[in-house]
Amino acid sequence: MMELEGRILVYSILGCPHCMRMKSTLQDMGLPYTCVRLDIYPKEVMEELRARTGKSNVPQLFFNAHYIGGNPEFEKLINEDADKLQELIDEVSSTPPPKNAPVPPDPSTALKTADPGEFSCTADEYSELVKELKNSGLIKDHRKILTSYKKSFSGKDFVDWVVNTKGIERTVAVEMGQHLIDSHFCHTIKSNVQFQDADVYFRLLEDEDTLALNGDKIADCKPLEVNVLGEDLRKLILKLHAAFLSRDGKEVDYRGIGSSDEFQHYLALSRTLQRVKVESCSRNEKLAFFVNIYNALVIHANIVRRPPVNFWQRYKLFNRVKYIIGGHEYSLQDMENGVLRANRKGVGMLSRPFSKSDPRLGIALEHPEPLIHFGLVCGAKSCPPIKTYTAAEVMEQLQLATEAFLDGSDGCQIDMAKKIVHVSMIFKWYQEDFGNNDEQVVQWIRDHMQEGEKKTQLTELINGKKFKVKDITYDWSVNSK
């Protein structure tokens, strides 16, 4: 590794495969670099980078004051302009950074955030009551005329049992039963009625037939606050993803993640979603929470079921892979189209995700948020400088993710000579979220682009009112080993 008088600076975030690829290339070339992780510094650092480069994605590369760009620009420099690259290397080898070169932030200004690995379980006192209930003999198959209630107990039997074993009044026992429902330890089997001291049947959440990836055991810890839990789960699985990402950023060792101790901790933390309370969350809280959980569930599914490689496997991923959240199952389709798109039909869906009687309908946003399409799992050739979303800044963060996507070739390409705007298939699949026709969709894209040449070109085409729109083939390739 050569010694440099100058400085090579890489702006990055945790778990970004494109950043890993750039840093791996620099290492192979024997070039030492300084890495600035935007996800651990105040947003002023990111804003300074945007002001300097006009870009909202990472990685971004500087040789002293010379701005190289992202991975495509760096690879083009290596492959097509070896003389220019050597000039840059010679300069950083012999020349200290000039005053106009970007300066790495002071490490002491890095944000002090709690490591999600520090989570400790605070036992819920009602989890002890559930354990006693499981051993009471009350839970069994009940058969009625034309009906069978498997692994269930009646409200009357529960009240009798509590009164006899705890020595309390029946009214208090009913309140305890209602608390089990409100805390998502159990459900009414046939309808969403309140707990009753009657022959109404209930079932523990852990006795429901479920394939949810966090439904293997009952969550006996007190649930964390909604957004703390969402952010912690996302941070933890990103940390795992980054640890098992290959040096060149091209492959993820999902088997290695699945056999790690850290993944077992993630599983324990994911179970606390079972009883988290999302009913009273604000719109921004729901946005941040469900985007974080959606992205975490995709990685979780890749770990335990392997990444999908064909249409049928992708269908199963989006429709059958689920988490239990607040007592109800949510697939990826349910989170995206049910909650975040305000219960709109998704691609290939014949009906809305939630019926009028579905209790999850009360969780859905009142109106859809188009920006979520660019925050849900980064599969583009560059990444937004955001990996975990916070309720306080979620709209700003989603806008950054949108700008990063539209700036790349995956999101939008413009052919001025032929007056053609090439756009991601996302805008075709979910057109109603962006406009009623091609013109409105292109206007939406322009309005949500960052300032720069591409936006200027698109404005010119819109003003000229003569352009065609074509789709960009969606890249479904995966990175696993």
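The values are calculated or read from the model by the stated rules, or taken from the named source; none is laboratory data. This structure is a prediction, so every number in the text was calculated from the model and none was measured. Reconstructed Cβ throughout: ideal geometry from the backbone, glycine too, with neighbour counts over all protein chains shown.
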Review point. For the stretch 462-472, does any single residue satisfy the condition of being part of a helix (DSSP H, G or I) and either touching an Asp or Glu at 6+ places or on another chain (Cβ under 8 Å) or surrounded by 14 or more Cβ atoms within 10 Å (Cβ to Cβ) (or both)?
Key: yes
Study note, to complete from the structure: Leu224 meets each of (1) under 14 Å from the mean Cα position of the chain (by Cα); (2) part of a loop (DSSP other than H, G, I, E, B) with one exception, condition (1)
Exercise for review: Restricting attention to the stretch 423-458, report how many residues are of a type in the set (S, T, N, Q) and assigned to a helix (DSSP H, G or I).
Suggested key: 5
Review point. Counting only residues that are within 24 Å of Gly326 (Cβ to Cβ) and modelled with pLDDT under 85, which one in the stretch 217-263 is surrounded by the fewest Cβ atoms within 10 Å (Cβ to Cβ)?
Key: Lys217
Check your understanding: Among the residues of the stretch 316-337, is there at least one that is touching a residue at least 60 places away in the same chain (Cβ under 8 Å), assigned to a helix (DSSP H, G or I) and not assigned by TED's automatic domain parsing to the domain that holds Cys19?
Key -> yes
Review point. Would you say Ser24 is of a type in the set (Gly, Ala, Ser), closer than 22 Å to Leu238 by Cβ and assigned to a helix (DSSP H, G or I)?
Key: yes
Review point. Quick check: anything in the stretch 347-356 without any contact (Cβ under 8 Å) to a residue 24 or more places away in the chain and of a type in the set (S, T, N, Q)?
Key: yes
Review point. What about Gly6, is it more than 21 Å from Glu393 (Cα to Cα), among the small types (Gly, Ala, Ser) and over 30 Å from the mean Cα position of the chain (by Cα)?
Key: yes
Exercise for review: Assess whether Lys470 counts as being of a type outside the set (Asp, Glu), on the phi > 0 side of the Ramachandran plot and over 28 Å from the mean Cα position of the chain (by Cα).
Suggested key: no
Check your understanding: Among the residues of the stretch 94-110, is there at least one that is surrounded by fewer than 11 Cβ atoms within 10 Å (Cβ to Cβ), touching a helix residue (DSSP H, G or I) at 6+ places or on another chain (Cβ under 9 Å), touching a residue at least 24 places away in the same chain (Cβ under 8 Å) and part of a loop (DSSP other than H, G, I, E, B)?
Key -> no
Check your understanding: Just wondering, is there one or more residues in the stretch 374-392 that are in contact with a Phe, Trp or Tyr (Cβ under 7 Å, 6 or more places away or on another chain) and at pLDDT 95 or above?
Key -> no
Practice item. Would you check which residues across the stretch 389-407 are assigned to a loop (DSSP other than H, G, I, E, B) and surrounded by fewer than 23 Cβ atoms within 10 Å (Cβ to Cβ) and list them? Key: Thr390, Ala391, Ala392, Glu393
Check your understanding: Hey, among Leu85, Leu49, Leu77, which residue is free of Cβ contacts under 8 Å to residues at least 24 places away in the same chain, within 24 Å of Lys454 (Cα to Cα) and in contact with a helix residue (DSSP H, G or I) (Cβ under 8 Å, 6 or more places away or on another chain)?
Key -> Leu77
Review point. Can you tell me how many residues in the stretch 338-365 are of a type outside the set (A, V, I, L, M), part of a helix (DSSP H, G or I) and under 19 Å from Ala288 (Cβ atoms)?
Key: 3
**Study point:** Qualifying positions in the stretch 274-300 - modelled with pLDDT under 95, farther than 17 Å from Leu238 by Cβ and assigned to a helix (DSSP H, G or I)
**Key:** Gln274, Arg275
Review point. Can you name the number of the only condition in (1) modelled with pLDDT of 90 or more; (2) outside any helix (DSSP H, G or I) that Leu85 fails?
Key: (2)
